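Peer 1: Let me begin by handing over the structure; questions about it come next.
Derivation of every value follows stated rules applied to the coordinates shown; laboratory data play no part. These numbers come from a predicted model, not from an experiment. Positions of Cβ are backbone-derived with ideal geometry, glycine not excepted, and every protein chain shown enters the neighbour counts.
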Amino acid sequence: MMTLIVLTLVAEPGSTQGTGTGPAAGAAAQVPRGATAADWGTYSGTTLSWRYSSINQVNTTNVAKLAPAWMFQSGDYADGMQSTPIAVDGVVFISTARSFVFALDGASGKMLWEYKYQPAPGNTIALKTRGVAVGDGKVFLGTRDNYLVALDQKTGKEVWKVANGDASTCRCGINGAPMVVKDKVIVGAIGPRGNITAYDTKNGHMAWRFYVVPGPGEKGNETWEGDSWKYGAGAVWTAGSYDPEQDLLYFGVGDPRPVFYSDNRKGRNLYTCAILALDFNTGKLRWYYQEIPRDVWDWDVDAEFQLIDREVRGQMRKLLVHMNKGGYAFVLDRTNGDLLGTYPFADHINWVKSIDAKGELVGRLDPAFGPPNTLICPSNLGAKSWNQTAFSPRTGLLYAPILEMCNDIVLRKPSGASGDRGGGTWIMRPPPGKETGYSHLDALDPVTGKKVWTYPYKYELLASVLATAGDLVFTGDDEGFYFALDAKTGKKLWSFQTGASHRGGSITYMAGGRQYFATPTGRAATASDISMVLWPEAASWRVASTLVVFALPEDAR
Amino acid sequence: MRSIVAVLLWPTIVLLLLVSSSRSNAQQPVADPVLTRGAELYAQSCTGFCHAPGGAAGGAPAVANRGFDGQYIERVITYGVPGTAMPPWGQRLIKEELNSVIAYVKSLNGIVSPGENPRALPFEASAGRDLFFDPTMELGACSNCHSFDGKGISVAPIGHLPADVAGLRNLGRSGRPSQTKTATVRGETFPAWVTTELKDEIRVYDMTTTPPPLRTFPRSAVTLKDGSTWQHGSVLGKYTDQELASILAYLHEVVRPQ
């Protein structure tokens, strides 16, 4: 089906191919495994996480003509629109902060159905879900009050829902988009112990659960002082990746709790700040790689894993590339978790002097009690936040939104009140020697980190990146611009002011023979408080929850 | 200016004193505007032919001090009771009004909003409550299927307490028969707990796995038989006998016989 659609694309009369930017007309086009075709079927495009589309109807020769096609105002703007939409068979599915789900006609924007989730009375109103999953005739939604809901794809009516755990006692929730793989829907959850759970898509029966902090008697439990494992956290708050060849799910684990303060949880704190490879059928751990033992900087490993195949030192390897919040990228063999190398990708890093060939942190700078507070670079938002990179198999490059900010860490000892295990907070600061923070979208080699080009930006780049076979790279910025860069040179080819900051992920899909680009707009209202420390003008950035969709005008293709 | 303040100040103080003193007697905090509105709506819509003021019995059963749990109250008020004179108020009241009546009837059953001070309990019952809602018990905690005082998930209400821990482990196998059913739908058969049965839709908890998914079907697609293979004892594995004894002590404080 996918190949057929690409052939249709290529043979379409009047479609502009440009110079060598697409497969030869009439040739059987090979859609690379990590690329999407007419649909955008899962959160990161495909489960290899490339956020790359094989559609090239829009490309470097005509992107300047891209214009708004339709918009959808969800009305749920309290926490912006931080999700990535899904597009299947010309229907776009988008979830909003309060876990509302809308199904929209991809060509016209007409609303086909809506589902307004009602949390159990007294529970936290669900906020900040990052997306839905579609499969087995259903749309799956994870809520902040820890429910997994399955809706009928055609009607939006509830088919089943299950409490992933009791949110009223554990304060657990599901932030990230669920993943559908074969007959299972998989969610990560936060809680006293983070976990990953797989349910049968048909009826909501739990298939397996993996707790990221081992229990008593389990291997790794000894890496926690005393009973600190009980509340070790390790939140799993983003969608994972999946390699069908290995039949492995890859999930990242968040930081250990209490955050920043580790006097009462001495030890490596497995499996926090680690990459987990879980067997798809059983949920058992095949291998793990802990990037940050005994984390004291909140360097969650929850961001995406790029699964690419590349020659390394003369040998073809199956890689997993992960850009850690702390500003270092880790390159692993995804079949066995072997570390192949690391490289720094941010300008300002001081929490470690280097990371050696074995992955050991050399010269740790642990936050200390002030005054003065310890300045740590990068900031708690990360050198790369949870918004995702894109990979293009045509250029072989990784496109990464990189943040250059620092912060003072303010440590807090446990107060003695029941349940208070200490922790801390942070105050944003500019990098040393700079007047304020800044960011840059870099095109770099995923294995070596070698920078090919850089696009500098004066505020933050907090939206995910989208790459296409039209040799275009799209993302959105703090000021509200959605823009396209040339994938080979970084030159800006097009931009449009959408009216509000970007914090979600844009996608591209086909509907009625036309290529559409859909970008969520609207950042959390409170997030601008963070930015205001560095840029007072952030107070004027607008709030919104609007999906803005672009296409080439009918006569311009 | 000062005299205006003085004029306003004393009545305000008196009002506050009245409010705070009534707090100590009534089950519901009088000052809560949601509950006040709920009480008003209850008086105008629920009393007269059916229920009586304050939740006492009239033509219809009493709704106060019945040990109902939150989800049961929400379901009955929202969907009504088919085959009786209890209408589905969800179709007659706007959402804010519906929620306020629900909150009021909940307050008549000792269900307070989370965040308010939990009721004071004797020592063993207090330990039992902590175990009942213990988040480190994860999926093994009672609160995954039962709720009190606004905490927990209400899969099934607790109406009848077994005499002892053995009775708790053997629930459904000895003494009172199990209230679960066996559902068959489109070739699938599973133990079920029915929560909502309407003319054209039925919602059941599928007890095959823990946590049990709540599944929605067209009513005609499902056939139900009394009883099932599901056993309450199979979900109590994480608690010791001593812990269950404390939990029973807690339940004796919060469950009123129906």
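Peer 1: Applying 1/(1 + (r/R0)^6) with R0 = 41 Å to the Cβ-Cβ distance of B:Ala245 and B:Glu96, what FRET efficiency is obtained, to the nearest 0.05? Provide the component values of the computation, followed by the final result.
Peer 2: On the way: r = 43 Å, r/R0 = 1.05.
Efficiency, rounded to the nearest 0.05: 0.45.
Peer 1: In addition: Going by average Cβ neighbours within 10 Å, how do the peptides A:38-46, A:387-395, A:202-210 rank, with the highest at the top?
Peer 2: Ranked by mean Cβ neighbours within 10 Å, highest first: A:38-46, A:387-395, A:202-210.
Peer 1: If one takes the longest principal axis of the Cα atoms in chain A, at what angle in degrees, from 0 to 90 and to the nearest 10, does the Cα axis of helix A:2-11 lie?
Peer 2: Between the helix axis and the principal axis of chain A, the angle is about 40 degrees.
Peer 1: Enter the mean number of other protein chain beta carbons within 10 Å of the beta carbon of each residue in A:155-163, as an integer.
Peer 2: The shielding value for this peptide is 5.
Peer 1: What net charge is computed for the residues neighbouring A:Lys219, neighbours being all others with C-beta under 13 Å from the C-beta of A:Lys219, Lys and Arg scored +1, Asp and Glu -1?
Peer 2: On the way: positive: A:Arg268, A:Lys284; negative: A:Glu218, A:Glu222.
Net charge in that neighbourhood comes out at 0.
Peer 1: Right, here's the next one. Would you mind computing, in nm to one decimal, how far apart the modelled labels at B:Val34 and B:Ala57 are, each placed 7 Å from Cα along Cα→Cβ?
Peer 2: For the pair B:Val34/B:Ala57, the computed spacing is 3.1 nm.
Peer 1: In what sequence, highest mean first, do A:290-297, B:224-231 appear when ranked by Cβ atoms within 10 angstrom?
Peer 2: Details: A:290-297: 24.2, B:224-231: 15.0.
The most tightly packed comes first, giving A:290-297, B:224-231.
Peer 1: Follow-up question, since we're still on this one. How well do other chains shield peptide B:137-144, expressed as the mean number of their Cβ atoms within 10 Å of each residue Cβ? Numbers along the way, then the final one.
Peer 2: Working: counts 3, 12, 8, 0, 4, 1, 5, 4.
If you average over the peptide's residues, the count of other-chain Cβ atoms is 5.
Peer 1: Evaluate the Kirkwood expression for the hydrodynamic radius of segment A:143-223, namely the inverse of the mean inverse distance over all pairs of different C-alpha atoms, and round to one decimal in Å. Walk me through the numbers on the way to the answer.
Peer 2: On the way: mean 1/r = 0.0739 Å⁻¹.
Computed over Cα pairs of segment A:143-223, the Kirkwood hydrodynamic radius comes out at 13.5 Å.
Peer 1: Hey, another quick one. Rounded if a/c is under 1.5, else prolate if a/b is larger than b/c, else oblate: which is segment A:211-255, with a ≥ b ≥ c the root eigenvalues of its Cα gyration tensor? Can you show the working numbers first?
Peer 2: Numbers: a/c = 4.25, a/b = 1.95, b/c = 2.18.
Oblate, because a/c is 1.5 or more while a/b does not exceed b/c.
Peer 1: Continuing with the same structure: Residue by residue through A:62-68, how many Cβ atoms from other chains fall within 10 Å of the Cβ on average?
Peer 2: Working: counts 0, 0, 0, 0, 0, 0, 0.
Per residue, the number of nearby Cβ atoms from other chains is 0 on average.
Peer 1: Still on this structure: Pull out a ≥ b ≥ c, the square roots of the eigenvalues of the alpha-carbon gyration tensor of segment A:187-320, then state rounded if a/c is under 1.5, prolate if not and a/b is larger than b/c, and oblate in the remaining case. All intermediate terms of the calculation are to be shown ahead of the outcome.
Peer 2: Values: a/c = 2.04, a/b = 1.28, b/c = 1.60.
Oblate, because a/c is 1.5 or more while a/b does not exceed b/c.
Peer 1: Based on DSSP, what percent of beta bridges with both residues in the protein assembly as shown are antiparallel, to the nearest 5?
Peer 2: Percentage antiparallel, nearest 5: 95.
Peer 1: Past 22 Å, Cα to Cα, is the threshold; run A:Lys128/A:Lys458; A:Lys138/A:Lys182; A:Lys202/B:Lys151 against it and keep the listed order.
Peer 2: Working: A:Lys128/A:Lys458 26 Å; A:Lys138/A:Lys182 13 Å; A:Lys202/B:Lys151 29 Å.
Table pairs above 22 Å Cα-Cα are A:Lys128/A:Lys458; A:Lys202/B:Lys151.
Peer 1: Looking only at Cα atoms, what is the convex hull volume of the protein assembly as shown per residue, in Å³? The partial results should precede the final answer.
Peer 2: Details: hull volume 162.6 nm³, N = 815.
Considering the Cα atoms of the protein assembly as shown, their hull volume per residue is 199 Å³.
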